[in-house]
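Structure record follows, encoded as structure tokens.
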Amino acid sequence: MSSTQTNHGAKPIETGRRGLMLILSSPSGAGKTTLTRMLLQDKSLDLTLSVSSTTRERRSSEVDGIHYHFISRDQFDRMRGEDEFLEWAEVHGNFYGSPRAPVEAVLAQGRDVLFDIDYQGTQQVRRKAPDDVVTIFILPPTMKELRGRLERRAEDSAETIDKRLTNARHEIQRWTSYDYVLVNDDLQHTYKQVLTILAAERLRRARSQDAVTKFVNQLLSE
Ligand code: ADP
Ligand code: 5GP
């Protein structure tokens, strides 16, 4: 059924809303990259990924400009000095930051931006734009499974995996800073939960204040 049919010819209120920033965070290996990929593959969701810049080495499966912008420490310091990051953080000994300009361009069109960033970055974005941020924390079902996923991903050395597992225990304790906490046991089930959150958050009155005002005024003028 088209929106015209459901809305009796009126413009759907949702089209006049502000863009939101959807942040997925998790300890490494819990599944946020996989969920991010699934969200981006569904074009009807119209989500734009904020591609972070990082000083970390590229993994064999990663493409520069798609998964990250791989930059030198000097380049990172220059961008940070010129306030080109919406947020930035040091994670596992590497630097990561979300370039500000592309995010602002997408939000200005009333469209949504997806972030895969850690809790430090999440807090910075929330402080800057508290009304426009939705945060989801992804947990693994067990620590044993988390190790298994990191090992099966086969992208990191044993030493790096140990470091990520130690960090995971600290990161998991940040769960109270997030709007939603999901346990990623069954991937399809978790994905559906993320879609439910996104759908509800897009409908929040505060994001469509102007459009709702216009609609209600029109309604009451009938
Ligand atoms: P993160 O981005 O959080 O570090 P990834 O998305 O790379 O994690 O997932 C780590 C590994 O676990 C990948 O090999 C991925 O295919 C696998 N994985 C993700 N979610 C699930 C799940 N629900 N069940 C089983 N394996 C999963
Ligand atoms: P990875 O090296 O596994 O790709 O990412 C390591 C961690 O850095 C993950 O928790 C990821 O969410 C986080 N991260 C990636 N990009 C950014 C970013 O731009 N800012 C912040 N704060 N964290 C990031």
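The values are calculated or read from the model by the stated rules, or taken from the named source; none is laboratory data. Given the structure is predicted, the values throughout are model-derived calculations rather than measurements. Here Cβ is always computed from backbone atoms with ideal geometry, including for glycine, and neighbour counts include all displayed protein chains. We work out accessible area using only protein heavy atoms, side chains counted, and drop any ligands, DNA or RNA first. Shrake-Rupley method; radii C 1.70, N 1.55, O 1.52, S 1.80 Å.
Would you call Thr135 among the hydroxyl-bearing types (Ser, Thr, Tyr), under 20 Å from Gln193 (Cα atoms) and surrounded by 17 or more Cβ atoms within 10 Å (Cβ to Cβ)?
Numbers: among the hydroxyl-bearing types (Ser, Thr, Tyr): yes; under 20 Å from Gln193 (Cα atoms): yes; surrounded by 17 or more Cβ atoms within 10 Å (Cβ to Cβ): yes.
For Thr135, the condition - among the hydroxyl-bearing types (Ser, Thr, Tyr), under 20 Å from Gln193 (Cα atoms) and surrounded by 17 or more Cβ atoms within 10 Å (Cβ to Cβ) - is met.
Identify, by number, the condition in (1) open to solvent by 40 Å² or more (accessible area, probe 1.4 Å); (2) within 16 Å of ligand 2 (Cβ to nearest atom) that Ser25 doesn't meet.
Result: Ser25 passes all but (1).
Pull up region 167-177, narrow it to residues that are surrounded by fewer than 19 Cβ atoms within 10 Å (Cβ to Cβ) and assigned to a helix (DSSP H, G or I), then point me to the one that is farthest from ligand 1 (Cβ to nearest atom). Full working, then the answer.
Looking only at region 167-177, we keep the residues that are surrounded by fewer than 19 Cβ atoms within 10 Å (Cβ to Cβ), and these are 167, 169-170, 172-177.
In the following step, the residues that additionally are assigned to a helix (DSSP H, G or I) were identified as 167, 169-170, 172, 175-177.
Numbers: Asn167: 11, Arg169: 15, His170: 15, Ile172: 12, Trp175: 15, Thr176: 19, Ser177: 17 Å.
By that ranking, first place goes to Thr176.
Take the residues of region 178-192 that are open to solvent by 90 Å² or more (accessible area, probe 1.4 Å) and outside any loop (DSSP other than H, G, I, E, B): which is farthest from ligand 1 (Cβ to nearest atom)?
Result: Lys192.
When only residues in region 86-127 that are of a type in the set (Phe, Trp, Tyr) and within 16 Å of ligand 1 (Cβ to nearest atom) count, which is most open to solvent (accessible area, probe 1.4 Å)? Write out each step before concluding.
Kept after step one, since they are of a type in the set (Phe, Trp, Tyr), are these residues of region 86-127: 88, 95-96, 115, 119.
Okay, now just the ones that are also within 16 Å of ligand 1 (Cβ to nearest atom), so 96, 115, 119.
Working: Tyr96: 34, Phe115: 1, Tyr119: 52 Å².
Among those residues, the one meeting the criterion is Tyr119.
Pairs please, first residue from region 47-61 and outside any loop (DSSP other than H, G, I, E, B), second anywhere and within 16 Å of ligand 1 (Cβ to nearest atom) and among the acidic types (Asp, Glu), Cβ atoms under 9 Å, 6+ apart in sequence or on different chains.
Close Cβ pairs (under 9 Å, with a partner that is within 16 Å of ligand 1 (Cβ to nearest atom) and among the acidic types (Asp, Glu)) amount to Leu49/Asp116.
Six or more apart or on different chains, Cβ atoms under 6 Å: show the pairs whose first residue is in region 137-154 and touching a residue at least 60 places away in the same chain (Cβ under 8 Å) and closer than 15 Å to Trp175 by Cα and whose second is more than 8 Å from ligand 1 (Cβ to nearest atom) and not in a loop (DSSP other than H, G, I, E, B).
Every condition considered, the pairs that remain are Phe137/Ser25; Phe137/Trp175; Phe137/Val181; Ile138/Leu182; Leu139/Val183; Pro140/Leu146.
Can you list the helices (runs of 4 or more DSSP H) found entirely within region 83-164 that contain at least 3 residues being under 20 Å from the mean Cα position of the chain (by Cα)? Please lay out each step first, then the result.
Values: elements: 100-108, 119-128, 143-153.
By residue number, 100-108, 119-128.
Name the residue, out of Arg152, Arg205, Arg147, Arg164, that is in contact with a helix residue (DSSP H, G or I) (Cβ under 8 Å, 6 or more places away or on another chain), open to solvent by 80 Å² or more (accessible area, probe 1.4 Å) and within 16 Å of ligand 2 (Cβ to nearest atom). Write out each step before concluding.
Numbers: Arg152 fails: in contact with a helix residue (DSSP H, G or I) (Cβ under 8 Å, 6 or more places away or on another chain); Arg205 fails: within 16 Å of ligand 2 (Cβ to nearest atom); Arg164 fails: open to solvent by 80 Å² or more (accessible area, probe 1.4 Å).
Just one listed residue meets the conditions, Arg147.
Just wondering, is there one or more residues in region 212-221 that are of a type in the set (Ser, Thr, Tyr) and more than 25 Å from Asp131 (Cα to Cα)?
yes
Do you know which residues across region 63-85 are at pLDDT below 95 and either in contact with a helix residue (DSSP H, G or I) (Cβ under 8 Å, 6 or more places away or on another chain) or surrounded by 16 or more Cβ atoms within 10 Å (Cβ to Cβ) (or both)? Give the derivation first.
Filtering region 63-85 down to residues at pLDDT below 95 leaves 66-67.
Scanning region 63-85 gives a single hit, His67.
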